[in-house]
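Inspection log for the structure reproduced underneath, given as structure tokens.
Coordinate-derived values only; no laboratory data. Because the structure is predicted, anything quoted here is derived from the model rather than measured. Quick reminder, even Gly has a Cβ in these numbers, built from the backbone with ideal geometry, and neighbours come from all protein chains shown.
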Amino acid sequence: MSPSPTSNSTNQSWGGRFNEPTDAFVERFTASVGFDRRLALHDIQGSVAHATMLARVGVLTDAERDAIVAGLGEIRAEIEAGTFEWSVQLEDVHMNIEARLTEKIGITGKKLHTGRSRNDQVATDIRLFLRDEIDLVAAELTRLREGLITLAEREADTIMPGFTHLQTAQPVTFGHHLLAWQEMLARDHARLLDCRGRVNVLPLGAAALAGTTYPIDRHVTAELLGFERPAENSLDAVSDRDFAIEFTAFASLLLMHLSRMSEELVLWTSAQFDFIDLPDRFCTGSSIMPQKKNPDVPELVRGKTGRVYGHLMGLLTLMKSQPLAYNKDNQEDKEPLFDTLDTVKDCLKAFADMVPAIEARKASMHEAARRGFSTATDLADYLVRRGVAFRDAHEIVGQSVAYGLRQKKDLSEMSLEELQQFSDVIEADVFEVLTLEGSVAARNHIGGTAPDQVRAAASRAREALTALGGAT
Ligand code: ARG
């Protein structure tokens, strides 16, 4: 007796070869539909393109293609309406959708998988999905960068202490500090767009691993799906997830930068610094200490950095030592990738919303810069301009600072006579360089902290960002 395709209760996609149904635990253990259903709309998009291409090359009739496309359209509507019934027995998003299609349009539904495997199908779905997500991430990154540039312009003249080793070093402008953040994000943005180019390649047509015997036209499928080109090698196309790792590496660097920004925001909102105020809507209170206003949003971004690093390590380890071509291991790529995306989008949104609302406490920043001998280097440079060798100037200023510490006086608060005890080349014009305004204005070259340079840098940054807008 020849076996009928439905002669036992094993999975309908491969029942033919099996003599007993899948163990219930194994069914649950191997199923991915619980999470990969997030790819459903992109799975349908890929299937519509595949069916269209098959009809174009004569493997499907136009009528079959129309039935498939219409059926998939109905399924899309069911998924969007939340009425689609997902089944763990059908393992993953691909087989759930295909089974529903067959239920709807009969035997033609079974022809959709011609010349295709779930291996090239899933690789295609993730790339389509990730490409769309990258565009959302890029838009949020753009919004954050715009916010930083605008705030930097507003704060181009605001003076704050610059730090090394978290000790007051030299005065800088707040605008300059904000543009440093912007530069970090500009590099992340470039990495993201670079990654997008490598995501945007079509695996479909690789089939299980070796290609297919049908006369497919992969250029047609690539064009229908907006991919740059078909993947060059079928074994590579179904197996590598380096593009997901690469996105997660981008995300790790971005979160590393956001965590640094977060750390500074947390410090600056403390009473000890008191450099900025974050509006109440970005903070929370304490259930016991009535005076508290906590910078939870930046703290949480700082904390979420850890999970993204974890996903990067997870994905790298997932891919490590995998032999060609597809292995079931790769089913484990989705949850870390999805969580990375959700985390990155939320953190960028938090920052893009928060940055324009940062309020600089200018008087407090100015006072902190004034207190910390932050113009000591300016005094040394002044002495050098009057013929003192830099090392000697360094020594002279060191003695002046030691004196100031004993007298509890900043350099700018000493009288000319007091300063002259340390060097007789010092004259009344020294006070021009000892002011914070003089100090920052003197660093007037590209990349320097002078207010005019900050304004020029902000306008270059804005131009670069606008130019990128055309790139995606
Ligand atoms: N759910 C699978 C995954 O995410 C789809 C591909 C499965 N292919 C296979 N031959 N088992 O990787």
Taking Rh as the Kirkwood radius, which is the inverse of the mean 1/r over Cα pairs, what is the Rg/Rh value for the stretch 119-205?
-> 1.24
If one puts a single equal scatterer on every Cα of the stretch 16-124 and applies the Debye formula without solvent, what log₁₀ I(q)/I(0) results at q = 0.10, 0.19, 0.23 Å⁻¹?
-> -0.29, -0.99, -1.32
Which lysines does residue 345 reach when only Cα atoms under 20 Å apart count, and residues fewer than 8 places away in its own chain are ignored?
-> 304, 334
Aspartates and glutamates near residue 409 by alpha-carbon distance under 15 Å, same-chain residues fewer than 8 away left out - which ones?
-> 367, 417, 418
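Tell me the relative contact order for the chain as a rounded percent, counting alpha carbon contacts under 8 Å between residues six or more apart.
About 17 percent, as a whole number.
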Of the listed links 362/408; 110/328; 110/320; 292/408, those spanning more than 25 angstrom between alpha carbons are 110/320; 292/408
Stokes-Einstein D for the stretch 328-433, Kirkwood Rh over Cα pairs, 4 °C, 1.567 mPa s (µm²/s) | 73 µm²/s
In square nanometres, what is the average projected area of the Cα convex hull of the stretch 78-163?
-> 10.9 nm²
FRET efficiency for residue 219 and residue 150 from the Cβ-Cβ distance with R0 = 56 Å, rounded to 0.05, comes out at 0.80
When averaged across all projection directions, what area in nm² does the alpha-carbon convex hull of the stretch 271-333 cover?
-> 7.6 nm²
Expressed as a fraction of 2.2 N^0.38 Å, the rule-of-thumb size for a compact globular protein of N residues, what is the C-alpha radius of gyration of the stretch 106-146?
-> 1.88
Mind ordering 181-190, 353-362 by average Cβ neighbours within 10 Å, highest first?
-> 181-190, 353-362
Report, as a whole number in µm² per second, the diffusion coefficient that Stokes-Einstein gives for the chain at 10 °C and 1.306 mPa s using the Kirkwood radius over alpha carbon pairs.
-> 60 µm²/s
